[in-house]
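Chemist: Quick one: structure below, then a few questions.
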């Protein structure tokens with residue numbers, strides 16, 4: 001019931017977003033513009049780029065992500081849809097997981113396009129390391145999604161939710177973003193992440209498990225009180 | 001077993017008690033008109049019954065079970081102030097979505113049946129954002145009744161409905177009553193509510209000022225209840 005309801009809600013969110021494309025377009029446009037602007041500041045293809053590539057990418061991903069995450073629960077407020085979802089027999093954890101899954105898929109799509117743009121603008125070759133990079137992106141994006149979706153639910157009734165969400169989310173994301181930045185930088189430099197870096201992969205996995213479990217347990221308190 | 005048992009319920013918003021020691025017991029098949037001025041606590045009470053908010057103190061049980069239990073929520077239908085439908089989805093997609101969340105055996109078939117019942121079958125694939133206000137309201141009624149709830153919670157159901165939506169709602173309420181469903185509705189439209197009601201509860205500043213069977217006197221003189229128990 002939990003998984004089926006979560007998939008139903010995820011499909012609904014993806015269908016709604018793909019029809020309006022309001023968060024997707026804003027997020028994509030934002031990340032491409034930032035990457036283009038930074039490409040003027042640095043010399044594409046230089047050694048310097050390789051040193052901060054992970055940091056640059058994850059800064060772009062996290063800011064672009066806030067645009068997608070802001071809409072997540074706000075969409076449910078428009079016609080009081082949240083009340084209908086919360087009063088339905090679907091487990092409330094499924095409501096959270098469904099929204100998180102949809103956000104994760106949308107963010108990953110934005111990140112993949114941004115990664116391609118990054119490779120193009122900065123003359124960085126990542127194809128050889130594509131699968132490990134995708135794994136890091138999947139893990140760190142889930143971390144971003146879980147925290148972002150939870151705080152999107154928490155701030156849904158606030159007048160300044162667009163402002164509050166990033167303020168609340170980024171401090172929690174520091175360990176996950178730090179791991180993602182280090183791993184991505186090493187992967188783009190052609191290094192393996194299964195040596196000394198494997199600790200950061202474990203940090204990401206642990207972060208995902210702990211915060212997913214906490215979110216599923218506490219979402220009822222956040223939405224119902 | 002009572003359909004609904006509300007015992008000594010208090011609800012605070014900050015220091016302000018929106019509900020004070022509210023207690024109502026409703027037997028199955030009853031239609032309760034929940035009356036009261038603006039701010040009396042009607043919507044707060046309905047939200048607590050629907051499991052959308054928790055009481056600060058006291059208990060609410062539906063058919064003997066807690067409101068947030070999955071099996072309880074399956075038995076409740078809620079029609080609130082908003083239409084609770086997604087503008088970017090079609091009428092059929094909206095109903096099918098809720099059919100799936102209520103784990104109905106044939107969500108698509110049920111959605112089509114409800115669209116026919118509410119006169120929306122010809123626009124089943126139209127997006128809700130393109131619907132007129134009246135069509136949206138009828139679709140909201142279809143959503144609330146989709147799973148044949150045993151307890152219907154209606155918050156100002158007749159407010160802002162057009163004639164056709166009122167006719168649809170009244171006919172569906174009649175049908176639900178015939179099936180033995182219990183209905184609790186908050187309203188300012190006394191005549192419509194009292195004609196349907198078997199029981200009346202009047203809230204005054206968060207407290208139950210009157211609770212009992214609806215009498216003919218209340219129907220004949222809709223202002224009587226407020227004059228006698230309310231604050232005029």
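The values are calculated or read from the model by the stated rules, or taken from the named source; none is laboratory data. Please read these numbers as outputs of a predicted model, since none were measured by experiment. Every residue, glycine as well, gets a Cβ built from its backbone with ideal geometry; the counts of neighbours run over all protein chains shown.
Chemist: Output the number of residues of the range B:188-208 satisfying the condition of being closer than 21 Å to residue B:28 by Cβ and in contact (Cβ under 8 Å) with a residue 60 or more places away in the chain.
Modeler: Summing the residues that are closer than 21 Å to residue B:28 by Cβ and in contact (Cβ under 8 Å) with a residue 60 or more places away in the chain in the range B:188-208 gives 9.
Chemist: Which of the following residues is modelled with pLDDT of 95 or more and within 14 Å of another protein chain (Cβ to nearest Cβ): B:66, B:96? Show your work before the answer.
Modeler: Details: B:66 fails: modelled with pLDDT of 95 or more.
Answer to the check: B:96.
Chemist: Could you please let me know if residue B:141 is closer than 17 Å to residue B:33 by Cα, surrounded by 17 or more Cβ atoms within 10 Å (Cβ to Cβ) and modelled with pLDDT of 85 or more? Can you show your working first?
Modeler: Working: closer than 17 Å to residue B:33 by Cα: no; surrounded by 17 or more Cβ atoms within 10 Å (Cβ to Cβ): yes; modelled with pLDDT of 85 or more: yes.
Judged against the criteria, residue B:141 is not a match.
Chemist: Sticking with this one: Can you tell me which residue in the range A:76-97 is nearest to residue B:128 (Cα to Cα), limited to those that are within 8 Å of chain B (Cβ to nearest Cβ) and part of a helix (DSSP H, G or I)?
Modeler: The qualifying residue nearest to residue B:128 (Cα to Cα) is A:81.
Chemist: I would also like to ask the following. Restricting attention to the range A:24-43, which residues are surrounded by fewer than 13 Cβ atoms within 10 Å (Cβ to Cβ) and part of a loop (DSSP other than H, G, I, E, B)?
Modeler: Correct list: A:43 only.
Chemist: Could you list, in sequence order, all residues of the range B:48-63 that are more than 7 Å from chain A (Cβ to nearest Cβ), at positive phi and in a loop (DSSP other than H, G, I, E, B)?
Modeler: Residue satisfying the conditions is B:63 alone.
Chemist: Which residues, taken from the range B:182-192, are farther than 10 Å from residue B:156 by Cβ and over 12 Å from the mean Cα position of the chain (by Cα)?
Modeler: So in the range B:182-192, the residues farther than 10 Å from residue B:156 by Cβ come out as B:182-184, B:190-192.
Answer for the range B:182-192, where residues must be farther than 10 Å from residue B:156 by Cβ and over 12 Å from the mean Cα position of the chain (by Cα): B:190, B:191, B:192.
Chemist: Related question: Among (1) closer than 15 Å to residue A:83 by Cα; (2) more than 10 Å from every other protein chain (Cβ to nearest Cβ); (3) modelled with pLDDT of 95 or more, where does residue B:91 come up short?
Modeler: Answer for residue B:91: the failing condition is (1).
Chemist: When residue A:193 is evaluated against the numbered criteria (1) part of a helix (DSSP H, G or I); (2) in contact with a helix residue (DSSP H, G or I) (Cβ under 6 Å, 6 or more places away or on another chain), which criterion, by number, is the only one it fails?
Modeler: (1)
Chemist: Say we look at the range A:4-23 and pick out the residues that are surrounded by fewer than 17 Cβ atoms within 10 Å (Cβ to Cβ) and under 11 Å from residue A:75 (Cβ atoms); which of these is farthest from the other protein chains (Cβ to nearest Cβ)?
Modeler: Result: A:22.
Chemist: Could you look through the range B:102-116, keep only residues that are under 10 Å from residue B:146 (Cβ atoms) and outside any loop (DSSP other than H, G, I, E, B), and pick out the one that is farthest from the other protein chains (Cβ to nearest Cβ)?
Modeler: So, considering only residues that are under 10 Å from residue B:146 (Cβ atoms) and outside any loop (DSSP other than H, G, I, E, B), the one farthest from the other protein chains (Cβ to nearest Cβ) is B:113.
Chemist: Looking at residue B:81 and the list (1) without any contact (Cβ under 8 Å) to a residue 60 or more places away in the chain; (2) in a loop (DSSP other than H, G, I, E, B); (3) surrounded by fewer than 18 Cβ atoms within 10 Å (Cβ to Cβ); (4) within 13 Å of chain A (Cβ to nearest Cβ), which single condition is not satisfied?
Modeler: (1)
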